[in-house]
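Written out below as structure tokens is the structure these notes cover.
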Amino acid sequence: MINFQLVTDDTYWVGGSDRRLALFENLFPLTDGVSYNSYLILDEKTALFDTADISISDQFMENLHAALNGRKLDYLVILHMEPDHCSQIGAVAALFPEVTLVGNVKTFTFLHQFFPELDTLSRVTVKEGETFSTGKHIFHFVMAPMVHWPEAMMAFDEATGTLFSADAFGTFGAIDAGIFADNYDYERQFLDEARRYYANIVGKYGMQVQMVLKKAAGLQIRNICSLHGPVWRKNIGYLLEKYEKWSTYTPEDDETVVFYGSLYGHTASAAEAAAAELQKKNGGMVRVYDVSKTHASYLISEVWRCRKIVLFCPTYNNGLYLPMEALLHDMAALGVKNRVFALAENGTWAPVSGKLMAEQLSALKDVQILSPVLTIKSALHAQDQEALEAFAKAVAEA
Ligand code: FEO
């Protein structure tokens, strides 16, 4: 079914959504699918900004055909070479063999690695600050290395104030009837998924995101066209403010989150009791998650959102309970910083998980690890109440 939509002057969305995909990157659970956006410029010359994932190839090619309405494609601008956006380059080139590819040096290195058969296509290589014109529209290229691959770049259309931002400002979640963020209650429908997308996909590269945000600050941006999720044309400051916080590892909310691992429920019970104490002392929301039950990508998203993180972990084989160890590993891999941690351990004969968690967390930058560790022997009992309250008080006051 043809569904292409006008974004702004001469600029059309020709993407689509995949609602069947269970795991993005075969890793991150999707509950509401994901969109793969592609944008077509119909100017004196025609230019396509990125293609789409193979899962929506029919939808994408139908939209492209319909929007071109018999015109040929002059340029294919490749902002990002990850396969969720480049899988259809060969199909597009097969239809328009005279198309000129536009990319940077790294783009073409990766293009060759994925599609050596496309080496014969004509190409224009661009660098930071260079421009490219389709007629009325002049596009300025902004390199965005590691947001989220090294070749990633953005393009800014002076005429319409549109930033084609590659993965940046994207989100998990299919696009429904409207392609604009203001067609939705974004905070309710997309914000959690936008944060989860940012934290897990781009979170490690906060410094690189900061560099791009500084460059973007000099542009009069009126629209943001990301490769995933809705297009922004109103209240862009809202999204930029979120990115400023996320990329500087600044907690979005001054809230506490409790993560626990539990084999038989005793550590869970202690964590729930601690959360209740925290709520009494701190007010506000204290969310509780079972690390065995909730996928780590959601937990990481909560780490990005909250300032204080409380970890309850059983000792397992004289080490850490594996799902908790995996979460700590994920935090280190993504460069989490600027957080307060409180640690609680459980063990029936030799609890060591508090010490082991502290060792792992001490490798993170700008973190405060509260002491002492709360130690539980097998299960929480009435005689532990005083220690539990002291633990909650320390977290509340941190
Ligand atoms: Fe949506 Fe980094 O690709």
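Below is a table of values for the structure above.
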item	result
So Ala168, is it without any contact (Cβ under 8 Å) to a residue 12 or more places away in the chain, out of contact with any helix residue (DSSP H, G or I) (no Cβ under 6 Å at 6 or more places or on another chain) and assigned to a loop (DSSP other than H, G, I, E, B)	no
Inter-residue pairs, beta-carbon under 6 Å, first more than 9 Å from His80 (Cα to Cα) and in segment 143-162, second part of a loop (DSSP other than H, G, I, E, B) and open to solvent by 20 Å² or more (accessible area, probe 1.4 Å), 6+ apart	Met143/Glu128; Phe156/Leu219; Ala159/Lys136; Thr160/Asp9; Gly161/Gln220; Gly161/Ile221; Gly161/Arg222
Residues located in segment 171-198, provided they are in a loop (DSSP other than H, G, I, E, B), modelled with pLDDT of 95 or more and out of contact with any Gly (no Cβ under 9 Å at 6 or more places or on another chain)	Asp185
Filter pass, Glu117 being in a loop (DSSP other than H, G, I, E, B), in the same structural domain as Glu44 (by TED's automatic domain parsing) and open to solvent by 20 Å² or more (accessible area, probe 1.4 Å)	no
Residues that are open to solvent by less than 30 Å² (accessible area, probe 1.4 Å) and assigned to a helix (DSSP H, G or I), drawn from segment 359-398	Leu361, Leu388, Phe391, Ala392, Val395, Ala396
Number of the exception - Gly354 against (1) surrounded by 15 or more Cβ atoms within 10 Å (Cβ to Cβ); (2) touching a helix residue (DSSP H, G or I) at 6+ places or on another chain (Cβ under 9 Å)	(2)
Candidates Tyr298, Tyr316 - the one that is touching a residue at least 60 places away in the same chain (Cβ under 8 Å) and aromatic (Phe, Trp, Tyr)	Tyr298
Enumeration of residues in segment 74-100 that are open to solvent by 30 Å² or more (accessible area, probe 1.4 Å), within 16 Å of the ligand (Cβ to nearest atom) and not in a loop (DSSP other than H, G, I, E, B)	Pro83
Residues of segment 213-224 satisfying the condition of being at pLDDT below 95 and buried (at least 19 other Cβ atoms within 10 Å of the Cβ)	Ala216
All positions within segment 45-72 that are closer than 9 Å to Gly16 by Cβ and in contact with a Pro (Cβ under 8 Å, 6 or more places away or on another chain)	Asp53
Segment 27-56, residues that are more than 14 Å from the ligand (Cβ to nearest atom), in contact with a strand residue (DSSP E or B) (Cβ under 6 Å, 6 or more places away or on another chain) and in a loop (DSSP other than H, G, I, E, B)	Asp32
Exclusive hit being more than 16 Å from the ligand (Cβ to nearest atom) and under 15 Å from the mean Cα position of the chain (by Cα), set Tyr198, Tyr184, Tyr249, Tyr238	Tyr249
Residue match in segment 164-179 (condition: acidic (Asp, Glu) and within 23 Å of Gly16 (Cα to Cα))	yes
Residue match in segment 308-315 (condition: of a type in the set (S, T, N, Q) and more than 23 Å from Trp349 (Cα to Cα))	no
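The values are calculated or read from the model by the stated rules, or taken from the named source; none is laboratory data. Everything numeric here is computed off the predicted structure, so don't read it as measured data. Glycine gets a Cβ as well: all are built from the backbone with ideal geometry, and neighbour counts include every protein chain shown. Only protein heavy atoms, including side chains, enter the accessible area calculation; ligands, DNA and RNA are left aside. Shrake-Rupley method; radii C 1.70, N 1.55, O 1.52, S 1.80 Å.
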